Structure formats: structure tokens, C-alpha cells
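Beneath this line is the structure, given in C-alpha cells, with notes to follow.
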Amino acid sequence: MPPTVTPTRRQLLQGGAGLAVAAALPTPTATAAPRPTDRRPDVVHRGRSIAVSPDGRRLAVAHAARRTLELTDRRTRATRRVTLDGQPAELAWAPSGGLLAVTTAFWDAPGLELHGLDGRRTRLDVGPAPLAVAITDRPRRIVVAGGEQEGTLHVLSGPGYAQRRVVPLGAVPRGLAVHDDRAWVALQAEDAVVHVDLATGAVLRRVDVPALPDRIAIRPDGARLLVAHGGPARDLTELETRRGGRRRTLAAAPAVGAVAYAPGGRRLAALPETAAVLSIDARGRRRRLPTVSGPRGLAVAGRHVFVVSATTGKVGRVRP
């Protein structure tokens, strides 16, 4: 049997891991013509990330190591594949469901692509190594965390997202969660999460957490933040977001692929090594919900939770 190799911290940090659309989109600098996409049945489009519109109707799946994503209308079952200018990293739907934001990663044409339901699309510069993305409607903003060692938060707002604020954060931003015009960002290289006022760009708080904070999620009422950790860590960290709030540790599994909150405050964690989604309710009761192999990403809409397989690209659905 070959010896077990434990990755160094440096190696861990280098890995990583509505209808008024026309008014929401900035004026495109160029119109992207349709491009052919490989649709051979023997080609596997492995999943990298997944997002669902708030009404649960539209699913978006980004493909790993390809310049494509797939859009599905769950009501009509219509599916179409879209070719991007770079390899997609993460996705976010606007609360209205009419606009999809896609970051394309630092290793392949870094940027932010916006896709409207009317077919309009545009591309924006949001600095090097963009990763996590979120969209708010009231006020209308797009928020992008990235930059690796020169970690930044780009806040785009105003008509056409023409107004831009760049907030210095710290090294290696990863997960991003937005609530009430404020953002939480995990700084993986600094073992901390930071709280940012999106209206002013002020960093309001910095909270130290266990090593390698990675994926994060905020409860719908904004009262708690759930943090997954990279490397060999097997636990989740949950923070009460008020100043001086408690911190608790929740046992999970190594290599958590994503975290989220379901209605009722259930904590969710995608567990790639066991092909399951872990559900922990408010009393600490735990269930493992079988799903697709290598579940990556968690997309929540009402009572339904969607994941995508990092090995086959199949979408799974569970009810926590």
C-alpha cells in the first residue's frame, strides 16, 4: 500500500476550491454570437457548481474544466447549453430569477458574465481570480469575492452595475454570503471571516475561526453563519452573527463540498466522500440523505435542495 501523503498548507490554499432583465444588464461591449458546443453523448460534463432560482423553476449547472454551463427550466423541462468565454467557477441567480451571474476563474479568462432570460449577455472585469458571487435586488448589487493573495470584494451597483467599489479584504477569499446589504467572506489563508457593509465598503468585523475556512452560508434571518473548512477538518463551525455571539462546533466529515441553510434553520453540508447531504436540525438531530456521487454545491429553493455530481454531472435532489 502506498504511503499516505498529507498536503501542505500551501498546497491546500492553492487548490480550491425576472422579467426586467434588459434594465438590469449593462450595455454589452460586444454581442456574443452563438458558438458550437460539444454534445457528443460520450462526453461527461462534470459538475463544478449549481444554482437554483428562488422560485425553484430554473437550474444552472457549471461544468468543470470546460467553458460551458447548462440551463434547465424545470417547468417545461427545456435544457440548453451555453458556451462561456472562460471556465466557470461559481454561479448566482438574482432574487427575481431573471439574471444569472457567472464568475470565470483566474486560470482561464477571469471575469464576470451576466446572462439574461432574453438571451442578452455581457462580460465585466472584476479583477484577478474572481470566485464567489452573489446578487441582491434591493438595492440592486452584484458582489464578487476573489483576488487570491490580494483578496478583494468587488461591489457593482447602480443602473447597469456601472458603479464599482473595491474593498481590500485579506488573503485568499473563498465563500461569500450576503444578507441585509452586508456580506460575510471567508479568508482561507487568514483563518477568519470578515463582515463588510456593502453600502460603504467598511469592514465591520473580523472573527477568527478554525483553520482554512472555505464554504459559508447565512441563515435566511441573518442570525447565524455556517462555515465549512478545507483540508482534513471534519467539523463545521456555526457563529451567531451578533457581536459577542456564541460559536459552536458541529461534527460533519472531511472535504465538505458546500454548506447551506434549509427552511426552518436546518444546516446542510454536501459530503462528497459518502455521496450524501448531511442535515442537522435545530435540536442537533442528524440525517444523511443519499444523493449523487461526489455532490458539489448546494442550491436551496423552498423544501427542495439540489446538488450536482463532480464525477458524472448528474443533478440530485433531496428533501431535508
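For the reader, a short list of remarks on this structure follows.
- Å² per residue, accessible surface of the chain at 1.4 Å: 46 Å²
- The mean sequence distance of close C-alpha pairs (under 8 Å, at least 6 residues apart), as a share of the length of the stretch 151-262, puts its relative contact order at 17 percent.
- Shape class for the stretch 124-194, computed from the alpha carbon gyration tensor (a ≥ b ≥ c): oblate, with a/c not under 1.5 and a/b at or below b/c.
- Semi-axis lengths, Å, the stretch 100-165, gyration tensor of Cα atoms, sqrt of 5 times eigenvalues: 19, 15, 9
- Only DSSP H runs of four or more residues enter the estimate; each adds -39500 (n - 2.57), and after division by the residues of the chain the mean residue ellipticity at 222 nm equals -500 deg cm²/dmol.
- The stretch 221-313 - percent of accessible surface contributed by carbon and sulfur, probe 1.4 Å: 48 percent
- Selection from HIS229, PRO128, HIS195, by position along the positive dipole direction of the chain (Cβ): HIS229
The values are calculated or read from the model by the stated rules, or taken from the named source; none is laboratory data. Keep in mind that this is a model prediction, so the values were computed, not measured. As a convention, Cβ positions derive from the backbone with ideal geometry for all residues, glycine included, and neighbour counts pool all protein chains shown. Accessible surface areas use protein heavy atoms only, side chains included; no ligands, DNA or RNA. Shrake-Rupley method; radii C 1.70, N 1.55, O 1.52, S 1.80 Å.
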